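One structure below.
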Amino acid sequence: ASGRTDAGVHAINQKIHFDLDTKITIEKLAKGLNSLLPEDIFVKKVEEVSDDFHARFSAIGKEYMYILNVGEYNPLERNYVYQHNKKLDVVEMERAMKYFEGTHNFKSFTKSVRTISQTNLIRDPKDLNKITLIFVGTGFLRYMVRNMVGLLIEVGEGKRKSEEIISILHSEDRRTAGKTANPEGLYLKNVF
């Protein structure tokens, strides 16, 4: 696989590779895999790749999204959306997200230097209680996005200022960055 996700985290477009010596059509392979996989995993597409392709080492970037519900608790979405169920200052959160962009030592959030090329905060015009946070970068390490989201929630609650992210990044100390957000709202959206 292109990487692992934490327990409880979802993957929409995970990429995997494997070597196969048997001759089988792509359509039959997808159907066969789906008949054997557990019901919470589904192969959407199968394609033949070159022998030097590697799902992990050929990846040049990833996109994660985190979905928050700031409205009334929804038990049907409890495993797919973080049920924060309190209003957040989305303007301040969006401002804070921009401080993550660039190449930084993310030791306050994970273990290493990474580059985040893009962040976005999206409000669904049909459901303003849903907030989607998007992070695109060269790669993400264990708990990295969840740790950043935990801090963004504190910013949205007014417990922190967006500018604090600068000093938190410079501190390289995990204790300064706050709580880890729950896994159910996080999705590996794409692997590039």
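The values are calculated or read from the model by the stated rules, or taken from the named source; none is laboratory data. Not measured: the values here are computed from a predicted model. No Cβ is skipped: glycine too gets one built from the backbone with ideal geometry, and neighbour counts run over all protein chains shown. Heavy atoms of the whole protein, side chains included, go into the accessibility calculation; ligands, DNA and RNA do not. Shrake-Rupley method; radii C 1.70, N 1.55, O 1.52, S 1.80 Å.
Taking the stated definitions as given, is Lys107 under 20 Å from Lys189 (Cα atoms) and either at pLDDT 95 or above or in contact with a helix residue (DSSP H, G or I) (Cβ under 8 Å, 6 or more places away or on another chain) (or both)? Walk me through it before giving the result.
On the way: under 20 Å from Lys189 (Cα atoms): no; either at pLDDT 95 or above or in contact with a helix residue (DSSP H, G or I) (Cβ under 8 Å, 6 or more places away or on another chain) (or both): yes.
Spelling it out, it is not the case that Lys107 is under 20 Å from Lys189 (Cα atoms) and either at pLDDT 95 or above or in contact with a helix residue (DSSP H, G or I) (Cβ under 8 Å, 6 or more places away or on another chain) (or both).
Taking the stated definitions as given, is Thr5 open to solvent by less than 60 Å² (accessible area, probe 1.4 Å) and either modelled with pLDDT under 95 or not in a loop (DSSP other than H, G, I, E, B) (or both)? Yes; evaluated as a whole, the condition is true for this residue. The numbered conditions (1) among the β-branched types (Val, Ile, Thr); (2) touching a His at 6+ places or on another chain (Cβ under 7 Å); (3) more than 21 Å from Ile122 (Cα to Cα) are all true for Ile153 except (3).
If the condition is being hydrophobic (A, V, I, L, M, F, W, C), part of a loop (DSSP other than H, G, I, E, B) and surrounded by 10 or more Cβ atoms within 10 Å (Cβ to Cβ), then segment 12-28 contributes Ile12, Ile16, Ile24.
May I ask you to verify whether Asp52 is closer than 29 Å to Thr119 by Cβ and acidic (Asp, Glu)? No, not satisfied. Among the residues of segment 160-192, the one identified as acidic (Asp, Glu), open to solvent by less than 60 Å² (accessible area, probe 1.4 Å) and not in a loop (DSSP other than H, G, I, E, B) is Glu184.
Might you let me know whether segment 27-45 holds any residue that is touching an Asp or Glu at 6+ places or on another chain (Cβ under 8 Å) and modelled with pLDDT under 95? Before you say what the answer is, go through the steps one by one.
At the first step, the residues of segment 27-45 found to be touching an Asp or Glu at 6+ places or on another chain (Cβ under 8 Å) are none.
Checking segment 27-45: not a single residue is touching an Asp or Glu at 6+ places or on another chain (Cβ under 8 Å) and modelled with pLDDT under 95.
When segment 12-48 is filtered for residues that are in contact with a Phe, Trp or Tyr (Cβ under 7 Å, 6 or more places away or on another chain) and of a type in the set (A, V, I, L, M, F, W, C), only Ile12 remains.
The strands (runs of 3 or more DSSP E) found entirely in segment 48-156 that carry 3 or more residues being touching a residue at least 24 places away in the same chain (Cβ under 8 Å), within 14 Å of the chain's Cα centre (by Cα) and surrounded by 20 or more Cβ atoms within 10 Å (Cβ to Cβ) are 62-69, 127-137. Within segment 163-192, residues that are small (Gly, Ala, Ser) have Cβ atoms under 8 Å from residues that are open to solvent by 40 Å² or more (accessible area, probe 1.4 Å) in these pairs: Ser167/Thr176; Gly178/Arg160; Ala181/Tyr82; Gly185/Tyr80; Gly185/Tyr82, counting only partners at least 6 apart in sequence or on another chain.
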